[in-house]
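A.B. asks: This is the structure I want to talk about, given as structure tokens.
What follows draws every value from the coordinates through simple rules; no lab data is involved. Source: prediction; values computed, not measured. Virtual Cβ from ideal backbone geometry, glycine too; neighbours counted across all protein chains shown.
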Amino acid sequence: MSTFISGGAKNGKSFYAQRIAKAAGTPLYYVATMIPHDAEDDARVLRHRAERAGWGFETLECGRDILSCLERADAGGSFLLDSVTALLSNEMFAPDGIHADAHLRLADELETFVRRAPNTVLVSDFIYSDAALYDDLTEAYRAALAHVDRRLARCCDNVLEVVAGRVVVHKGVLPL
Amino acid sequence: MVFILGGSHQGKLEFARARYALTDADVFLCAEDTAEINLSRRCVAGLERFALNRVRAGAEPADALCERLGALRDSVLIATDISCGVVPVDPLMRAWREACGRMNNLLAEEADEVWRLFCGLPQRLK
């Protein structure tokens, strides 16, 4: 069963995502999408690893070309992909320049990912409700992430919003 | 009256077009220079931009809409929810954010149907 989760920062998305992934069976994979760039990122990675310790996740590092991590894993297992936001950022703002249409390929790849690995939980960030007028590039990134979110909301079995640690079911069920 | 709310890029207008069989000609899309809503269209979208225009002019968008409620009884009204970020440093953005909150509460109170769009999925609030 596939589940898409979004919501604001620090509302408990990852906690629910971990519980849902763990309940879905084994082998249990954590797809780590962040590419660390500095000491702050390194510290964040260590903190996240400490938070996951004891859950039984095998970590698959994959910041780009997301389908490649399935070559290193059993697609019948349970996957937690955290986060769609970081993946898009890596693909859109790549070392060789800005890829304005990265979201189209990423949406296709993530749909394929969910088809090949049906027990996948994907986490994204709800960055669409603040009072700000953004520059064109930031606005393009928001529109691009919304495109990927909406494609995933369409193809996943469950769509959940996590608000202050509570879950709103927009589609399907809370698979716990 | 129908009021549709949600974050930016969440599929509000797409939902309205499908559910209420709207064509391009039915939709009035507010821009930042929209000082007056075209009341002859069945659907008014981008109300947060109309609100920004009114706030810049020192006016209260909720009051402007209140005066036109009679003409909006059969309308589909769409606004982006901008209420969930950090309190903006810029006083204009702060005033805009609060004016939008008052406007949205008014419209949700007056509307017969209220919908919220999340990642393209509609949730009926009223």
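A.B. asks: So which cysteines of the protein assembly as shown have no other cysteine's Cβ under 4.7 Å from theirs?
C.D. replies: By the Cβ distance rule, which asks for a partner under 4.7 Å, the isolated cysteines are A:Cys155, A:Cys156, B:Cys30, B:Cys43, B:Cys66, B:Cys84, B:Cys100, B:Cys119.
A.B. asks: Separate question: Just to check, using Stokes-Einstein with a Kirkwood Rh over alpha carbon pairs, what's the diffusion coefficient of chain A at 10 °C and 1.306 mPa s in µm²/s?
C.D. replies: 97
A.B. asks: At 7 Å along the Cα-to-beta-carbon direction for both A:Arg166 and B:Glu109, put a label point, then send me their distance in nm to one decimal.
C.D. replies: Distance between the two pseudo-spin positions: 2.2 nm.
A.B. asks: How large is ³J(HN,Hα) for each residue in segment A:89-98, as worked out from phi by the Karplus curve 6.51 cos²θ - 1.76 cosθ + 1.60 (θ = phi - 60°), to whole Hz, x for Gly and Pro?
C.D. replies: 4, 5, 6, 7, 10, 8, x, 8, x, 8
A.B. asks: Further, regarding this structure: Let's test the formula: R0 of 30 Å, r as the Cβ-Cβ distance of A:Thr112 and A:Ile35. What FRET efficiency results, to the nearest 0.05?
C.D. replies: My answer for the efficiency is 0.90.
A.B. asks: Hey, another quick one. Sticking with the crude label model, points 7 Å out along Cα→Cβ, report the distance from B:Cys66 to B:Thr23 in nm, one decimal please.
C.D. replies: Computed distance between label sites B:Cys66 and B:Thr23 equals 3.7 nm.
A.B. asks: Can you tell me the 0 to 90 degree angle between the C-alpha axis of helix B:47-56 and the longest principal axis of chain B, rounded to 10?
C.D. replies: For helix B:47-56, the angle is close to 20 degrees.
A.B. asks: Could you name the lysines in cross-link range of A:Lys13, using Cα to Cα under 18 Å and dropping any fewer than eight places away on the same chain?
C.D. replies: List returned: A:Lys22, A:Lys171.
A.B. asks: For A:His48 and B:Val86, what is the calculated FRET efficiency with R₀ set at 30 Å and r taken between the beta-carbons, to the nearest 0.05?
C.D. replies: After rounding, the FRET efficiency stands at 0.85.
A.B. asks: Fewest first, what order do A:Phe93, A:Phe4 take by the number of other Cβ atoms within 10 Å?
C.D. replies: With the sparsest Cβ surroundings first, the list reads A:Phe93, A:Phe4.
A.B. asks: Give, in whole angstrom and from largest to smallest, the semi-axes √(5λ) of the equivalent ellipsoid of chain B, with λ running over the eigenvalues of the Cα gyration tensor.
C.D. replies: Semi-axes from the Cα gyration tensor: 21, 17, 13 Å.
A.B. asks: Then there's this: Along the charge dipole of chain B, Cβ charges K/R +1 and D/E -1, which of B:Pro88, B:Ala51, B:Ala16 sits furthest on the positive end?
C.D. replies: B:Ala16
A.B. asks: Sticking with this structure for a sec: Taking the inverse of the average 1/r across all pairs of different Cα atoms in segment B:58-126, what Kirkwood radius in Å do you get?
C.D. replies: 13.4
A.B. asks: Taking R0 as 30 Å, what FRET efficiency do you get between A:Glu61 and A:Ala23 from their Cβ-Cβ distance, rounded to the nearest 0.05?
C.D. replies: 0.80
A.B. asks: Further question on the same structure: Across the Cα atoms of the protein assembly as shown, what radius of gyration and what greatest pairwise Cα-Cα distance (Dmax) are found, in Å?
C.D. replies: 20.8, 63
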